1. Which net charge results for the neighbourhood of Arg214, defined as the other residues with beta-carbon distances under 12 angstrom from its beta-carbon, given Lys and Arg at +1 and Asp and Glu at -1?
2. First select every other residue whose beta carbon is under 14 angstrom from the beta carbon of Arg121; then total the charges, Lys and Arg +1, Asp and Glu -1.
3. Helix 358-369 versus the longest principal axis of the chain: what is the Cα-based angle in degrees, 0 to 90, to the nearest 10?
4. Calculate what fraction, in whole %, of the accessible area of segment 3-256 sits on carbon and sulfur atoms when a 1.4 Å probe is rolled over the protein chains.
5. Roughly speaking, what is the centre-to-centre gap between segment 287-351 and segment 1-40 when only Cα atoms are used, to the nearest Å?
6. I need the peptides 56-62, 577-583, 296-302 ranked by packing, meaning the mean over residues of other C-beta atoms within 10 angstrom, with the highest value on top.
7. To the nearest 10 degrees, how steeply does helix 447-460 sit against the main Cα axis of the chain, on a 0 to 90 scale?
8. In whole Hz, with x marking every Gly and Pro, tabulate ³J(HN,Hα) for segment 172-182 from phi via Karplus 6.51 cos²θ - 1.76 cosθ + 1.60, θ = phi - 60°.
Amino acid sequence: MCGIFGYVGKQQNAAEFVLSGLKLLEYRGYDSWGIALKISNSKSQISNSRQNRDSKFITEKHIGKIGNAQLSSNDLRSNLAIGHTRWATHGGVIVENAHPHLDCKKEIAVIHNGIIENYARIKEGLLKKGHKFVSETDTEIIPHLIEEFLKKEGFASAVRDAFNQLKGLNAIVVANSLSRQIIAAKTGSPLVIGKGNEGFFVASDATGIIKHTRKLLFLKDREMVILGDDVELLTLPSGKKKILRFEQIDWKIEDVEKGKFDHFMLKEIYEQPKVVRNIAENYTSQIKELKKLIDKAKGTFLIGAGTAFHACLAGSYFFSKIANIHINTTVASEFNYLEDFLNSKSLIIALSQSGETIDVIEPLNHAKEKGSKIIAITNALGSTIYRMADYKLLLGAGPEKAVASTKAYIAKVALLLMLSYAVAGKVNRAKKLLLDASREIDILLSKKNILKIKKIASIINSSEHLYTIGRGTSFSTALESALKIKEVSYLHTEGLAGGELKHGPIALISKGTPCVVFAPQDETFDAIISNATEIKSRGGLIIGVGPKKSPIFDYWIKIKDVSEAQIIPHVVFAQILAYYLSVERGHDPDKPRNLAKSVTVK
Ligand code: F6R
């Protein structure tokens, strides 16, 4: 939620650095964007009415996606700039609400990610003191609050004291036109600091920074960093100095660029055979360690949000079927209300691509208070969930930039399959199934199959509703497929357990209603085919997915039997369908409306 990028250093191209950093972070928010820079050349010409040149900062703000935007002036030499891509919380999507926000004197510029729970009360106090506000955002109180503190103390102390007053989970980056410093602080949302030859960078994730440096510092909650000629790390609320250590990460530039693909979503779909193979080949010892924790625990719970929850659901079927143990799963945001029984022997396995989802962090905090142990399965080294866990497992899927999760979901399912086979003492069987599943994805991605899926997309493109059904492990496949299709194509899609159809939803089936039927060669085959037959007799159009053709299928996507690993290629089919439906309907699959990649607010 919201992309943050800042630079301070020796180079005069701060504006260019921040602009290209924001472009890489656009997937975090794309309602509007803005930038503030401390200008070095006073002769700069301003041509755009949305750009404000004052004696302190140049700010420029725009509505919509940053896309390929350029700044208005062609001479913006500066060695300090901060920028933001917004996902609106307080205040509509208008230029005035875009970040950065300034104080009355226009000397302090602030960008922010999070929600300030007590902003109304603080704003009231500031209004009484004569501060003037130009936006409806909660963020705007921060520069004014800092302005107040600056009357009696220095920049760093003023930022510390202002930040300490904010309630809620927040990350801020503050620039001061009177000093060559940027200060960042956080209690919730992520912030990463990069130390490069050109100077210091701050961003909401590593994606924007690795072009400049891979030496990173992941800021912890209640930490503040001062960036200028050097770097200083302080603890909050006290402001006491801390020792800091940068880590070297191994992501490559190609990982965060689209390359030959039209969209990140498609690129990430094509990366999946490699992601699955990597898990089959390189995770055995880590998985065996986690197995010991499950063996020891008295009660294990899987939690995640959205797509991650669908992976959890698949996991709970795997543990039952393969390891004959009961592992509960709940949507993370509901676990808060369903965890009264947790104790020090409980084990929570939290799944989160970003490692920053607030709906997962909250119940984990409660579980920690009760002394429960936490395993984090995440894609983001140094993320909040990664740090708060007792045991950590990285998905190794590489940066996922499309808002709709594809490869991270597949990695989560693959790891849970390995883990349940490890608990059953048969980890080698999981490895074989994963390699088979990886080959099936390769086949799905062949030219012939892509053309076939594209054709199905064009046939169902103008339907009003789409249903996806499955039983057993394929119930989770149906849910994940429906989510992927609806979020990127906006075609209303509902995922159902085959058995539930007759309990209500079948009333919605009419002539031509398309239905994707997941029919693997397992104990669910006959029952799901009979559900499909019920749909067909009411005029439904049946798209069958599985190893065996049934006469009731109008279209059939053949995927070989890979036992429980079938979820993997079956969901990949739905991802490809979702992608082409989105493109066919004229949408941007990478940036679905109203969504953001990392959901750090409740
Ligand atoms: C859907 C999607 C979301 C995320 C959810 C949790 O395609 O990506 O449903 O899965 O917001 O995100 P993470 O895994 O980062 O916790």
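1. +1
2. It works out to a net charge of +1.
3. It works out to around 90 degrees.
4. 47
5. Here the two parts' Cα centres lie 39 Å apart.
6. Descending mean neighbour count gives 577-583, 56-62, 296-302.
7. It is inclined by approximately 90 degrees.
8. 10, 10, 10, 10, 10, 6, 8, 10, 9, 9, 10
The values are calculated or read from the model by the stated rules, or taken from the named source; none is laboratory data. Keep in mind the model is a prediction, meaning the values are calculated, not measured. In this analysis, Cβ positions are derived from the backbone assuming ideal geometry, glycine residues included, and neighbour counts consider all displayed protein chains. Accessible surface areas use protein heavy atoms only, side chains included; no ligands, DNA or RNA. Shrake-Rupley method; radii C 1.70, N 1.55, O 1.52, S 1.80 Å.
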